[in-house]
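Report on the following structure.
The values are calculated or read from the model by the stated rules, or taken from the named source; none is laboratory data. Since this is a predicted model, take the numbers as computed values, not measurements. Ideal geometry is used to build each Cβ from the backbone, glycine not excepted, and the neighbour counts take in all protein chains shown.
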Amino acid sequence: MGEVSPGGGDDDDTTPPDDTVPLPKLDITPDRATIATELGTSNMVTLTLRPGGGFTGSVALAASAIDAAGAPIADWTVTLDKPALDIAAGASATGVPTGRSRRRTRR
């Protein structure tokens, strides 16, 4: 019968093989996490997209205003300066969503 040495099996080996290919990824970073605002004002947030692991291609953008519980905020619209960003290898791209609240009219 053969012997098994500690760390010799696949289950115990935590060192990746030399031919491991990194998974493509995309890091998205806003310039601020929250916005405090008032009705009738506009607010912009800059999103920076940085590729990793060889990621390249077009990224479709979509945005909405939500509260801390994740529910949509009534009377808010969010527009984007670009509907998509093209990400080149090793380069970052920037998109700017703008949120605008409508003034409520009294009836």
Fill in the blank from the handout: Of the residues in the range 21-65, those that are exposed (fewer than 12 other Cβ atoms within 10 Å of the Cβ) and touching a Phe, Trp or Tyr at 6+ places or on another chain (Cβ under 7 Å) come to Lys25
Problem - Boolean, Thr77 is touching a residue at least 40 places away in the same chain (Cβ under 8 Å) and either in a strand (DSSP E or B) or surrounded by 12 or more Cβ atoms within 10 Å (Cβ to Cβ) (or both) - result: no
Handout entry: Selection count where residues are under 21 Å from Asp27 (Cα atoms) and at pLDDT below 90, scope the range 67-96
Key = 2
Handout entry: All positions within the range 97-107 that are surrounded by fewer than 11 Cβ atoms within 10 Å (Cβ to Cβ) and under 15 Å from Ile28 (Cα atoms)
Key = none
Practice task
Inspect all residues belonging to the range 10-26 and state whether any of them is at pLDDT 80 or above and closer than 30 Å to Arg102 by Cβ.
Solution key: no
